[in-house]
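Undergrad: One structure, as structure tokens, below. Some questions next.
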Amino acid sequence: MPTITEPGGPGDHLLLPVPAQVSVSYVVAAPERVPDDPADTIAHVVAGLPFPDGRDSLTVTVTEIGEQDPALAWAREVLCCPECTPGAGALLGRLLQSSDRHLRVTATAAPGWPPRHLYAAARVVDTLADTTGGIPLDAEAPRILPLPWRPTVAASPDKFAIAEWLWIGIHPETAGHSIQTTGLARLGLPELRVEEVPLRHATAWIRLVKGLARSLTARLFTHLSARDPVTPLPVPVEPVVTTADAALAQNAPPPPEPRALTVRLRREPPSPGVPVPHLVVTPADGDPADCFRPGGWPAT
């Protein structure tokens, strides 16, 4: 659990632990054919990624998993529910149940810039889906990935479009809706969660969450570039999020007159309802529905 360095005011900071290694896993579901040697199939893909020298090693593995593998449990539960995922999602849910062979792609690297494991996993999943006829799946979200899926490798941290790597789910609850990210943990950060959001304000909150994700990711990259070994990441308890952050999260031009809002962060451990470490986000001043209202910059 992170600690507060200076209790008692908006100048407080959380110390977020940063893992020594970060990983991402995707699934190529229900392939029509499985290569005899998946490692040989993907070797040229990993070797061809344009990354600078000097970073810790990147590891990419491809393993065959069955329909009852724990990695597919959440995806199977959601995608097999017609009310939750009508259409193509429900079809994939049936494929997850009927097929006993799937391919899991896992990429692991040191945290920081560049996030080589993200780009490597995406390219490998895209290649395997194309060569095997399988369906690319983010089982943790769960969501079907685009095909083809080849995110452009960002030239620098300020060009990194974190929104491309996030899934933001909206879930009905007793009071309003919750909004939660899937994807920040793959960079070494806690996920973000907002609670009790009126549905009419969901779009504004999603934009705010993307902006906060961009701000935290930029802070993480800067922090790790100057420190070896890895040390905890200090994050303000009350950070300022701007509409420029939200635009940059999608690598879009920021608005000429950005609006800003201060939010408050509360660290929460995993729980039965939210099984990952996360930061609960609440407004510290102002109204997200007004500050991050639609208009004037990219749609979600």
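The values are calculated or read from the model by the stated rules, or taken from the named source; none is laboratory data. Please read these numbers as outputs of a predicted model, since none were measured by experiment. Quick reminder, even Gly has a Cβ in these numbers, built from the backbone with ideal geometry, and neighbours come from all protein chains shown.
Undergrad: Could you grab the pairs with beta carbons closer than 6 Å, sequence gap of 6+ or different chains, first residue in region 168-179 and over 20 Å from Ala139 (Cβ atoms), second one in a strand (DSSP E or B) and of a type in the set (A, V, I, L, M)?
TA: Final answer for the pair search is Gly176/Val197; His177/Ile170; His177/Val197; Ile179/Ile170; Ile179/Val194; Ile179/Val197.
Undergrad: Another one. List the helices (runs of 4 or more DSSP H) inside region 68-153, counting only whole elements, that have at least 2 residues being under 19 Å from the mean Cα position of the chain (by Cα), at pLDDT 85 or above and within 23 Å of Pro50 (Cα to Cα).
TA: 116-132
Undergrad: Just one of Leu208, Leu216, Leu187, Leu212 is crowded, with 22+ Cβ neighbours inside 10 Å and without any contact (Cβ under 8 Å) to a residue 60 or more places away in the chain; which is it?
TA: Leu216
Per-residue answers, yes or no, for (1) of a type in the set (Lys, Arg); (2) under 21 Å from Val276 (Cα atoms):
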position	(1), (2)
Pro172	no, yes
Ala175	no, no
Gly188	no, yes
Glu191	no, yes
Val197	no, yes
Arg214	yes, yes
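Undergrad: Considering only residues of region 231-262 that are touching a residue at least 60 places away in the same chain (Cβ under 8 Å) and among the hydrophobic types (A, V, I, L, M, F, W, C), which is surrounded by the most Cβ atoms within 10 Å (Cβ to Cβ)?
TA: Among them, the one singled out is Ala249.
Undergrad: Next up: Any residue that is out of contact with any helix residue (DSSP H, G or I) (no Cβ under 6 Å at 6 or more places or on another chain), at pLDDT 95 or above and assigned by TED's automatic domain parsing to the domain that holds Pro283 - is there at least one of those in region 248-258?
TA: No, every residue in region 248-258 fails to be out of contact with any helix residue (DSSP H, G or I) (no Cβ under 6 Å at 6 or more places or on another chain), at pLDDT 95 or above and assigned by TED's automatic domain parsing to the domain that holds Pro283.
Undergrad: When you look at Thr41, is it β-branched (Val, Ile, Thr) and modelled with pLDDT under 85, yes or no?
TA: yes
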